[in-house]
Amino acid sequence: MYDWLNALPKAELHMHLEGSLEPELLFALAERNRIALPWADVETLRSAYAFNNLQEFLDLYYQGADVLRTEQDFYDLTWAYLQRCKAQNVVHTEPFFDPQTHTDRGIPFEVVLNGISQALKDGREQLGIGSGLILSFLRHLSEEQAQQTLDQALPWRDAFIAVGLDSSEKGHPPSKFQRVFDRARSEGFLTVAHAGEEGPPEYIWEALDLLKVQRIDHGVRAIEDERLMQRIIDEQIPLTVCPLSNTKLCVFEHMGQHNILDMLERGVKVTVNSDDPAYFGGYITENFHALHTHLGMTQDQARRLAQNSLDARLVR
Ligand code: ADE
Ligand code: ZN
């Protein structure tokens, strides 16, 4: 089944480039940039990848991203991810990047963007992988900081297709960024947002009604609100679900409790994604395979999930 799932053509719609930083590359970049690391070696770092919630993961994820300094670093990060896409028949990807994680450390916006954009261009030309980049705002920072980030991005508007919202969800509702998203849409960007990962169904309503998103990232807590479920089904709003992430971050205790196949059978447009593959134990095929192993996902269900991902692309 693994090989069959691997060969299935699919799109990945929820993947943070900074979350694809494998420990081996992290150590290589630290050496290249002469940065001292708090971990003795790759194994020690990997053994720290045990999280009780989203925040514990984010603390390590932002610490890891500190080794990314030069345009070449961002190129190498993105290119390594695209090689994984090629190996797993991901024919199209719409990754996120978090500019504030880097600009707040003094890395110029264009250094980050140029490295990523060049790799995505090479991915299209040399690997045949379609792509569209999503600029994600960090929701634990202020509205004003998000507005400044949007200002910085506008001169490079052709490099992105959409803006998104990620980082610590609880206590940072979508409504906090309504004006930023209004402006982003008026500048021609599409919108997506993380909602209903750890946060309540109300955050999914806000993402839809206030941020006017094309897709909900995660959205697994929609199942707690029947009226919301009906809307998501009626309007065929895609959910970019990340099974391994959800179990690693204790959104579900075991994969056997995950609701993605129940949602699929109810007619929700759910898709399978890796979120932060270097931290959560696998890329997209490993996510599909876990659904087969723990929930008995059939080939027919896998085909429908993959088709949903191709249908829910923002760029074609
Ligand atoms: N940033 C990277 N991964 C994330 C996730 N799963 N939720 C929120 N922010 C993130
Ligand atoms: Zn995410």
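Would region 95-105 turn up any residue that is out of contact with any helix residue (DSSP H, G or I) (no Cβ under 6 Å at 6 or more places or on another chain), more than 27 Å from LEU239 (Cβ to Cβ) and away from ligand 2 (no atom under 16 Å from the Cβ)? Yes, that holds for at least one residue. For ASP209, state whether it is over 16 Å from PRO99 (Cα atoms), surrounded by fewer than 19 Cβ atoms within 10 Å (Cβ to Cβ) and of a type outside the set (Ser, Thr, Tyr). For ASP209, the condition - over 16 Å from PRO99 (Cα atoms), surrounded by fewer than 19 Cβ atoms within 10 Å (Cβ to Cβ) and of a type outside the set (Ser, Thr, Tyr) - is met.
Residues that are out of contact with any Leu (no Cβ under 9 Å at 6 or more places or on another chain), away from ligand 1 (no atom under 16 Å from the Cβ) and of a type in the set (Ser, Thr, Tyr) within region 273-297 comprise just one, THR293.
So, ASP66, is that one of a type in the set (Asp, Glu), under 13 Å from GLY19 (Cα atoms), out of contact with any strand residue (DSSP E or B) (no Cβ under 8 Å at 6 or more places or on another chain) and within 16 Å of ligand 1 (Cβ to nearest atom) or not? Even if it seems obvious, please write down each step before you answer.
Numbers: of a type in the set (Asp, Glu): yes; under 13 Å from GLY19 (Cα atoms): yes; out of contact with any strand residue (DSSP E or B) (no Cβ under 8 Å at 6 or more places or on another chain): yes; within 16 Å of ligand 1 (Cβ to nearest atom): yes.
Against the criterion (of a type in the set (Asp, Glu), under 13 Å from GLY19 (Cα atoms), out of contact with any strand residue (DSSP E or B) (no Cβ under 8 Å at 6 or more places or on another chain) and within 16 Å of ligand 1 (Cβ to nearest atom)), ASP66 qualifies.
Among the residues of region 212-232, just one is within 16 Å of ligand 1 (Cβ to nearest atom) and open to solvent by 30 Å² or more (accessible area, probe 1.4 Å), namely ARG221.
Has region 243-266 got any residue that is buried (at least 19 other Cβ atoms within 10 Å of the Cβ), aromatic (Phe, Trp, Tyr), farther than 22 Å from ARG316 by Cβ and at pLDDT 95 or above? Among the residues of region 243-266, not one is buried (at least 19 other Cβ atoms within 10 Å of the Cβ), aromatic (Phe, Trp, Tyr), farther than 22 Å from ARG316 by Cβ and at pLDDT 95 or above, which makes the answer no.
Of all residues in region 233-242 being among the aliphatic types (A, V, I, L, M) and more than 11 Å from ligand 2 (Cβ to nearest atom), which is surrounded by the fewest Cβ atoms within 10 Å (Cβ to Cβ)? Don't jump to the end; show me each part of the working.
Of the residues in region 233-242, the ones among the aliphatic types (A, V, I, L, M) are 233, 237, 239, 241.
Keeping just the survivors that are more than 11 Å from ligand 2 (Cβ to nearest atom) gives 233, 237, 239.
Working: ILE233: 15, ILE237: 21, LEU239: 27.
In this case the residue turns out to be ILE233.
Any idea how many residues of region 11-54 are of a type in the set (S, T, N, Q) and either within 23 Å of the chain's Cα centre (by Cα) or surrounded by 15 or more Cβ atoms within 10 Å (Cβ to Cβ) (or both)?
So the first thing to find is which residues in region 11-54 are of a type in the set (S, T, N, Q), and the list is 20, 33, 44, 47, 52-53.
Cutting the leftovers down to either within 23 Å of the chain's Cα centre (by Cα) or surrounded by 15 or more Cβ atoms within 10 Å (Cβ to Cβ) (or both) gives us 20, 47, 52-53.
The total comes to 4.
For region 297-308, the candidate set comprises residues that are in contact (Cβ under 8 Å) with a residue 12 or more places away in the chain and of a type outside the set (S, T, N, Q); within that set, the residue that is most open to solvent (accessible area, probe 1.4 Å) is ARG303. In region 56-67, the residues that are at pLDDT below 95 form no Cβ pair under 6 Å with any partner that is away from ligand 2 (no atom under 14 Å from the Cβ) and of a type outside the set (Lys, Arg), whether six or more places apart or across chains. ASP73 fulfils the conditions (1) farther than 18 Å from GLY115 by Cβ; (2) out of contact with any Ser or Thr (no Cβ under 7 Å at 6 or more places or on another chain); (3) open to solvent by less than 10 Å² (accessible area, probe 1.4 Å) except for a single criterion, (1). State whether one or more residues within region 79-99 are crowded, with 16+ Cβ neighbours inside 10 Å, away from ligand 1 (no atom under 16 Å from the Cβ) and of a type in the set (Ser, Thr, Tyr). No, the conditions are met nowhere in region 79-99. Taking the numbered list (1) out of contact with any strand residue (DSSP E or B) (no Cβ under 8 Å at 6 or more places or on another chain); (2) under 26 Å from SER168 (Cα atoms); (3) among the hydroxyl-bearing types (Ser, Thr, Tyr) in turn, THR293 passes all entries but (2). Got at least one residue in region 263-282 being within 16 Å of ligand 2 (Cβ to nearest atom), part of a helix (DSSP H, G or I) and β-branched (Val, Ile, Thr)? The answer is no, given that none of the residues of region 263-282 is within 16 Å of ligand 2 (Cβ to nearest atom), part of a helix (DSSP H, G or I) and β-branched (Val, Ile, Thr). So is ALA11 under 21 Å from THR93 (Cα atoms), more than 16 Å from ligand 1 (Cβ to nearest atom) and either in contact (Cβ under 8 Å) with a residue 60 or more places away in the chain or outside any helix (DSSP H, G or I) (or both) or not? Here the answer is yes, as ALA11 does meet what is asked. Of the residues examined, ASN89 is not one that is over 29 Å from PHE252 (Cα atoms), touching a helix residue (DSSP H, G or I) at 6+ places or on another chain (Cβ under 6 Å) and not acidic (Asp, Glu).
The values are calculated or read from the model by the stated rules, or taken from the named source; none is laboratory data. Computed from a predicted structure; not experimentally measured. Cβ: placed from backbone, ideal geometry, glycine included. Neighbour counts: every protein chain shown. Heads up: the accessible areas ignore ligands, DNA and RNA and are worked out on the full protein's heavy atoms, side chains in. Shrake-Rupley method; radii C 1.70, N 1.55, O 1.52, S 1.80 Å.
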